[in-house]
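S.K.: Before we start, here is the structure in question, set down as structure tokens.
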Amino acid sequence: MVLEFLTPRKWDILTPKAKDTQEALRIELEKMTAHFPAAKEKDLKRFLMGFHTKADKAIPAYEAHLHWRAQNLPIAKESCLKELQKGRFYFHGMDLEGRPVAYYSLACHDPKHCDISEIMRMMTYQVEKVLAEMPDDVKGFTIVWDTRNTGIKNTDTEFLREFLNFFRAQYPEVLAQLLIVPVGFFQRTMWNTFARFLDERRASRIRMVATMEDLRDYISEKELLTTHGGKNTWHFDPDNA
């Protein structure tokens, strides 16, 4: 069951059991609000949902997040310009649910010649910009994980672990879905193996997409970039990132 914070109209149509569940969720949110009275409610909700709707888990996680923000943000563009210029990660367009779409090119990743901390700083810079502009009613974004022209040489389980843990710790519930595309035997085997080490909630966000054309099941042709099988001719320009 996917929990949400309901309007009075939606509340009226719930079953008694569902109302009990929502009431328990409200109580947990009140605990978080008492600890962080100045925090935005949408941020507290994200952390509560991301940590199994338990305030005793979400409160220390949010405290750690605030410390991380104080130590790392804001990020100056100049500090991640080198990674931006590689064009490995960028946002453009919306998916069918109206969520922002990001693209990650795995072909740009070489485990032997990369600095994971620099990559994550570049991603944080762009994620922060998108979240600042994202309406409150939009729940997260989609990432297209492009595996074209990749193989063993691009495989980096340390980076994958850091990538997913980063979103869980700093932006829970923001990564709505991760679309792995295209998926052959190698990609499916690798991701299925890796998913075994994820909790059920995070593993459920990973989608195996067979071909670039199949991305249209998630992103309309108008929004999907031509480089990924769509009709949108936009190209990433690091100078405007």
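S.K.: Suppose we keep just the DSSP beta bridges with both residues in the chain; what percent of those would be antiparallel, to 5?
M.R.: The answer is about 20 percent antiparallel.
S.K.: Report the label-to-label distance for Glu133 and Leu96 in nanometres (one decimal), using points 7 Å from each Cα along the Cα→Cβ vector.
M.R.: 2.5
S.K.: Students often check this: by mean Cβ neighbours within 10 Å, which of 21-33, 50-62, 129-141 ranks highest, and how do the rest follow?
M.R.: 50-62, 21-33, 129-141
S.K.: Okay, moving on. Listed highest first by mean packing, meaning other Cβ atoms within 10 Å per residue, what order do 159-168, 199-208 come in?
M.R.: Result, highest mean Cβ count within 10 Å first: 159-168, 199-208.
S.K.: If you don't mind, there's one more thing I want to ask. Per residue of the chain, what 222 nm ellipticity follows from adding -39500 (n - 2.57) for every DSSP H run with n ≥ 4, rounded to the nearest 500?
M.R.: It lands at -13500 deg cm²/dmol.
S.K.: If packing is taken as the average count of other Cβ atoms within 10 Å, what order do 185-195, 80-90 fall into, highest mean first?
M.R.: So the peptides 185-195, 80-90, ranked by packing, come out 80-90, 185-195.
S.K.: Give a residue-ordered list of calculated ³J(HN,Hα) values for region 209-218 (Karplus: 6.51 cos²θ - 1.76 cosθ + 1.60, θ = phi - 60°; whole Hz; x for Gly, Pro).
M.R.: Coupling constants for region 209-218: 10, 5, 10, 4, 4, 5, 4, 5, 6, 10 Hz.
Computed from the coordinates by the stated procedures, all read-outs in this text should not be read as laboratory data. The structure displayed is predicted, hence computed values, not measured ones. Cβ atoms come from the backbone with ideal geometry, glycine included; neighbour counts cover every protein chain shown.
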